[in-house]
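These notes are about the structure you will find just below.
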Amino acid sequence: MSGRIVWGMVLMLCAPASVAHAQWNLARLTPGESRVQLTAGIDPAVIPSIGYSRVLSLFGATSQVGVEGGVVAGEAELRDYRAKITGQVQLVQYGSLRLSASVAAITRGTSNDVFRAVNFGADVGAVGGLYRRRWFVAAEMGFDKAIVTHFTHTQQYRDLWYAEAKDGWYVENGGTWRFGATGGVTMGRTELMLRAGVPRTQGGETLPIPAYLSVGMGVRF
């Protein structure tokens with residue numbers, strides 16, 4: 001399999017992943033509380049996700065850990081799914097200004113008429129901005145790395161394109177950067193969130209999908 005084909009397949013796996021990583025109001029995080037959240041990203045298919053997180057105090061710093069899963073909605077050719085274990089810790093607070101860092105372990109898969117693939121990767125990010133009790137606005141950046149991917153080619157691909165295509169594991173597949181903004185409002189125990197930004201390849205090039213957008217709702221209890 002050529003490096004160009006591998007890179008294209010990895011982009012199909014990674015491009016929607018950044019959308020699923022929701023940001024919430026750091027000013028509302030209280031150790032001992034939990035949250036159930038629903039998010040939907042447009043990238044360009046609709047990718048709904050559901051997750052659960054728990055707020056903790058880690059060495060005196062407000063943190064949260066959680067799990068999240070999502071699939072592509074509708075009858076898209078690209079049948080995509082992902083599951084994540086996430087962690088976020090607040091690093092700095094100065095008045096209403098806050099800065100946090102996040103990390104996630106990701107498993108994701110996709111299948112179409114050409115190949116089936118499952119990938120294991122990691123995502124690291126940072127978000128900082130102005131957080132008040134009823135609203136927040138912040139800037140974010142992050143990097144999603146596809147660490148190792150297993151590809152299985154379909155018979156159709158072998159018949160039409162390349163009969164000698166090899167299935168197997170591929171490492172150091174590349175990754176995607178993201179740069180954007182996020183904001184939200186709080187109504188009682190319910191939070192509404194909006195995120196938007198631009199992704200770039202690991203080398204800084206524009207992706208075929210030039211932007212990402214997601215909305216979310218979380219309920220604390």
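Every read-out reported here was derived from the displayed coordinates using simple, explicitly stated rules and does not represent laboratory data. Predicted model only: the values in this text are computed from it and were never measured. In this analysis, Cβ positions are derived from the backbone assuming ideal geometry, glycine residues included, and neighbour counts consider all displayed protein chains.
List the trypsin sites (Lys or Arg not before Pro) within the stretch 93-172 that DSSP assigns to loop and that have no more than 10 neighbouring Cβ atoms inside 10 Å.
Counting only loop positions with at most 10 other Cβ atoms within 10 Å, the trypsin sites (Lys or Arg not before Pro) in the stretch 93-172 are 133, 166.
For the chain, the longest piece that avoids every one of the GluC sites (Glu not before Pro) found in DSSP loops with at most 16 other C-beta atoms within 10 Å covers 78-163. Going by alpha carbons, how many degrees (0 to 90, nearest 10) lie between the helix axis of 3-14 and the longest principal axis of the chain? The angle comes out near 40 degrees.
With n ≥ 4 as the cut-off for DSSP H runs, can you work out [θ] at 222 nm for the chain, using -39500 (n - 2.57) per run divided by the number of residues, rounded to the nearest 500?
Value at 222 nm, helices only: -2500 deg cm²/dmol.
Note: relative contact order over the stretch 3-220, using C-alpha pairs below 8 Å and six or more positions apart, is 19 percent.
Let's test the formula: R0 of 45 Å, r as the Cβ-Cβ distance of residue 67 and residue 161. What FRET efficiency results, to the nearest 0.05? Efficiency computed from Cβ-Cβ geometry: 0.75. Between the beta carbons of residue 124 and residue 187, assuming R0 = 35 Å, the FRET efficiency works out to 0.65 to the nearest 0.05.
Per-residue Karplus couplings for the stretch 198-209, computed as 6.51 cos²θ - 1.76 cosθ + 1.60 with θ equal to phi - 60°, are listed in order as 10, x, 9, 5, 4, x, x, 8, 6, 7, x, 9 Hz, Gly and Pro entered as x.
Determine the shape class of the stretch 126-221: with a ≥ b ≥ c the square roots of the Cα gyration tensor eigenvalues, call it rounded for a/c under 1.5, and otherwise prolate if a/b is greater than b/c, oblate otherwise. Mind dumping the intermediate values first?
Details: a/c = 3.21, a/b = 2.41, b/c = 1.33.
Here the stretch 126-221 falls in the prolate category.
What shape does the stretch 3-220 take by its C-alpha gyration tensor, where a ≥ b ≥ c are the square roots of the eigenvalues and a/c under 1.5 counts as rounded, a/b above b/c as prolate, and the rest as oblate? Prolate, because a/c is 1.5 or more and a/b exceeds b/c.
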